[in-house]
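The values are calculated or read from the model by the stated rules, or taken from the named source; none is laboratory data. Just so you know, these numbers come straight off a predicted model, no measurement behind them. Neighbour counts are summed over all protein chains in view; Cβ atoms, including those assigned to glycine, are modelled from backbone coordinates with ideal geometry.
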Amino acid sequence: MTRKLFSYSLIVLLFLQVSCLKKINTDCTFKSCQFVAPAAEIQAINTYLGANGLTATQHCSGLFYNISSAGTGNSPDGCSYVMVKYTGRSTNGVIFDQRTTSAVLIDLTQVITGWRAAFPLLKPGGIMTIYIPPYLGYGGQEIKDANGNVLVPGNSILIFDIELVSVQ
């Protein structure tokens, strides 16, 4: 009887340990070029880059990027969990979000399309700046702070400086 009870206890313990493991999304089928920004939004980023003397590479989705350090190791895909440090700002330089002192864990299935498309371009330790057209960002939606102040107006180009700390 005690041997049977021990066996059942071991099975329950193993079940609990396995059920607490992070779920892996094996059916994720995100393709970084399946969403493409409208030509007018791509042109708006080109205009911004030219007016500010910046160079960046156009991605098939319509976002632009500049990799200052590629990093090493395995790149995440659009369905990975990543540890990142970043600063998000608008084209007028206003910072609307920032995580630069300690890395934050992010599920790439829960972020804007521009991030999902950009992260496979980096490896851990990599640093890049991305310029995201509204279609791949927040679209026409305004992003407000807790007091109701608009941080990001609708249809804004988003700029992120990102460091990929690790891929989980």
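Here are the numbers for this structure:
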quantity	calculated
Conditions (1) assigned to a loop (DSSP other than H, G, I, E, B); (2) β-branched (Val, Ile, Thr); (3) modelled with pLDDT under 95: number failed by Thr101	(1)
Residue list for the range 42-78, filter: more than 17 Å from the chain's Cα centre (by Cα) and either in a loop (DSSP other than H, G, I, E, B) or closer than 21 Å to Asp107 by Cβ (or both)	Asn52, Gly53, Leu54, Thr55, Ala56, Thr72, Gly73
First in the range 103-126 and among the basic types (Lys, Arg), second anywhere and part of a helix (DSSP H, G or I) and surrounded by 15 or more Cβ atoms within 10 Å (Cβ to Cβ), Cβ under 6 Å, 6 or more apart	Arg116/Leu108
Yes/no for Thr129 being over 13 Å from the mean Cα position of the chain (by Cα), surrounded by fewer than 21 Cβ atoms within 10 Å (Cβ to Cβ) and under 18 Å from Leu158 (Cα atoms)	no
Single residue of Ser80, Ser75, Ser61 found to be buried (at least 16 other Cβ atoms within 10 Å of the Cβ), hydroxyl-bearing (Ser, Thr, Tyr), in contact (Cβ under 8 Å) with a residue 12 or more places away in the chain and in contact with a Pro (Cβ under 6 Å, 6 or more places away or on another chain)	Ser75
Search result, residues across the range 67-96 that are of a type in the set (D, E, K, R), in contact with a Ser or Thr (Cβ under 9 Å, 6 or more places away or on another chain) and at pLDDT 95 or above	Lys85
Residue match in the range 147-168 (condition: in contact (Cβ under 8 Å) with a residue 40 or more places away in the chain, in contact with a Leu (Cβ under 9 Å, 6 or more places away or on another chain), surrounded by fewer than 16 Cβ atoms within 10 Å (Cβ to Cβ) and outside any strand (DSSP E or B))	yes
Those residues of the range 106-158 which are within 19 Å of Ile45 (Cα to Cα) and of a type in the set (Ser, Thr, Tyr), in sequence order	Thr113, Thr129, Tyr131, Tyr135, Tyr138, Ser156
